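S.K.: My structure is below; once you've seen it, I'll send some questions.
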């Protein structure tokens, strides 16, 4: 259906055809079937009705359409037969490829980046999340000539890849885009400064931070709910969680630990999104411990692990001084027989792995114990003398470390305290402040 301006209107429930190109010399970590399944999951995450999907081997990349002429004709025929008004290409398209495919197929076309940005646009719930997604959308759209955009004041929902004006006032739109991007960056800089102040305050506070990371739909939010008793949105959808959430939990030997649930990663995560969400993902970098939640029932679990490692590496989290990391091998309730036995045997040989089920609760106590032990890793005993009146610092040491001995001599308290290297550095920073 076309509106009065000649633009295609596409709502939730729009019928779509998915094409997953297998490009030459592309070192994909996944099977073609797994890539098709993930593309269908991405489309389903925003209510698109996938009526046909297929993997397409591309022997020679065509600059005009990416795909070969015969392949484009087959897709056009499938779209016509199924009554599909949308073609999703699970690859990056240039603006001219997108425009030519639309002309050839007779349907609106979006690529993988546009689809993921559309999902994020619908999921963002906080003001910061909305700004970050809009900035990513504008960075992506600013170089594309196939259509302009008109969502300068849009606060929620998608960002126009599934509808919008035709090719009009491109230069004026680009100027508006540049102005809007500059304004968003200023607002995000202010958010970043506020976040840094909050982070500095947390570092002076007596509570370690544990961040859940992992591939999208690995079960992070379900595990978060189990550990905190909260009811954070958790569904069997890709990118069910977008905005980070923090809650307090108790662990063995710790009165209070801050647990953070973060956005899920995905293969070929658009660079625009990594850049836009860097400020939020810096929360992960500042954590005391990362818990990598993995879906061990997924056939491509090793490829997903590598994708998560790639994103963490892009954030500098594979370098020296990065937070320690353990793995929560989730969804073991979906494994049976020899596969389950092999997984548990492998886990026994590693100290940084805990098999569990966030749904049934199996293994959660073991995860709590492993998390607490990891937070205490590398601890050393320090002898500290403080004025007896320094109640705040003494309380900090009691809650962040393990008091082995204490003696009161006149107005001074001598403490023997076991502290992690990070907490010892934080205590020294408090003393010198």
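The values are calculated or read from the model by the stated rules, or taken from the named source; none is laboratory data. In this text, all values refer to a predicted model and were calculated from it rather than measured experimentally. Neighbour counts are summed over all protein chains in view; Cβ atoms, including those assigned to glycine, are modelled from backbone coordinates with ideal geometry.
S.K.: Within segment 101-121, count every residue that is crowded, with 18+ Cβ neighbours inside 10 Å and more than 18 Å from residue 56 (Cα to Cα).
M.R.: Number of matching residues: 11.
S.K.: Condition check: surrounded by fewer than 19 Cβ atoms within 10 Å (Cβ to Cβ), part of a helix (DSSP H, G or I), in contact with a helix residue (DSSP H, G or I) (Cβ under 8 Å, 6 or more places away or on another chain) and modelled with pLDDT under 75. Does residue 185 satisfy that?
M.R.: no
S.K.: Select from segment 28-77 the residues that are assigned to a loop (DSSP other than H, G, I, E, B) and at positive phi and list them in ascending order.
M.R.: The one that is assigned to a loop (DSSP other than H, G, I, E, B) and at positive phi: 47.
S.K.: Taking the conditions exactly as written (under 30 Å from residue 423 (Cβ atoms), outside the structural domain of residue 37 (by TED's automatic domain parsing) and modelled with pLDDT under 90), does residue 271 satisfy them or not?
M.R.: Numbers: under 30 Å from residue 423 (Cβ atoms): no; outside the structural domain of residue 37 (by TED's automatic domain parsing): yes; modelled with pLDDT under 90: yes.
Criteria not met by residue 271.
S.K.: Name, by its number, the condition in (1) over 26 Å from the mean Cα position of the chain (by Cα); (2) modelled with pLDDT of 95 or more that does not hold for residue 388.
M.R.: Condition (2) is where residue 388 drops out.
One line per residue, one yes/no per condition, for (1) modelled with pLDDT of 95 or more; (2) surrounded by 15 or more Cβ atoms within 10 Å (Cβ to Cβ):
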| position | (1), (2) |
| --- | --- |
| 8 | no, yes |
| 19 | yes, yes |
| 33 | no, no |
| 37 | no, yes |
| 41 | no, yes |
| 47 | no, no |
| 57 | no, no |
| 75 | yes, yes |
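S.K.: What about residue 401, is it surrounded by 19 or more Cβ atoms within 10 Å (Cβ to Cβ), touching a helix residue (DSSP H, G or I) at 6+ places or on another chain (Cβ under 8 Å) and either modelled with pLDDT under 85 or farther than 22 Å from residue 288 by Cα (or both)? Reasoning before the result, please.
M.R.: Numbers: surrounded by 19 or more Cβ atoms within 10 Å (Cβ to Cβ): yes; touching a helix residue (DSSP H, G or I) at 6+ places or on another chain (Cβ under 8 Å): yes; either modelled with pLDDT under 85 or farther than 22 Å from residue 288 by Cα (or both): yes.
Against the criterion (surrounded by 19 or more Cβ atoms within 10 Å (Cβ to Cβ), touching a helix residue (DSSP H, G or I) at 6+ places or on another chain (Cβ under 8 Å) and either modelled with pLDDT under 85 or farther than 22 Å from residue 288 by Cα (or both)), residue 401 qualifies.
S.K.: What's the number of the condition residue 198 fails, among (1) under 15 Å from the mean Cα position of the chain (by Cα); (2) modelled with pLDDT under 70?
M.R.: Looking at each condition in turn, residue 198 falls short on (1).
S.K.: While we're on this one: When segment 78-96 is examined, which residues are found to be farther than 16 Å from residue 18 by Cβ and assigned to a helix (DSSP H, G or I)?
M.R.: 95, 96
S.K.: Name the residues in segment 318-341 that are buried (at least 17 other Cβ atoms within 10 Å of the Cβ) and free of Cβ contacts under 8 Å to residues at least 60 places away in the same chain, would you?
M.R.: Of everything in segment 318-341, those that are buried (at least 17 other Cβ atoms within 10 Å of the Cβ) and free of Cβ contacts under 8 Å to residues at least 60 places away in the same chain turn out to be 325, 326, 327, 329, 332, 335.
S.K.: While we're here: I need the full set of residues from segment 100-118 which are at negative phi and either part of a strand (DSSP E or B) or out of contact with any strand residue (DSSP E or B) (no Cβ under 8 Å at 6 or more places or on another chain) (or both), in order please.
M.R.: Once the filter is applied, which keeps residues that are at negative phi and either part of a strand (DSSP E or B) or out of contact with any strand residue (DSSP E or B) (no Cβ under 8 Å at 6 or more places or on another chain) (or both), segment 100-118 yields 100, 103, 104, 108, 109, 110, 111, 113, 114, 116, 117.
S.K.: Now, a different point. Somewhere in segment 342-358, is a residue over 25 Å from the mean Cα position of the chain (by Cα), surrounded by 13 or more Cβ atoms within 10 Å (Cβ to Cβ) and under 23 Å from residue 260 (Cβ atoms)?
M.R.: Checked against the condition, which is being over 25 Å from the mean Cα position of the chain (by Cα), surrounded by 13 or more Cβ atoms within 10 Å (Cβ to Cβ) and under 23 Å from residue 260 (Cβ atoms), segment 342-358 yields no hits at all.
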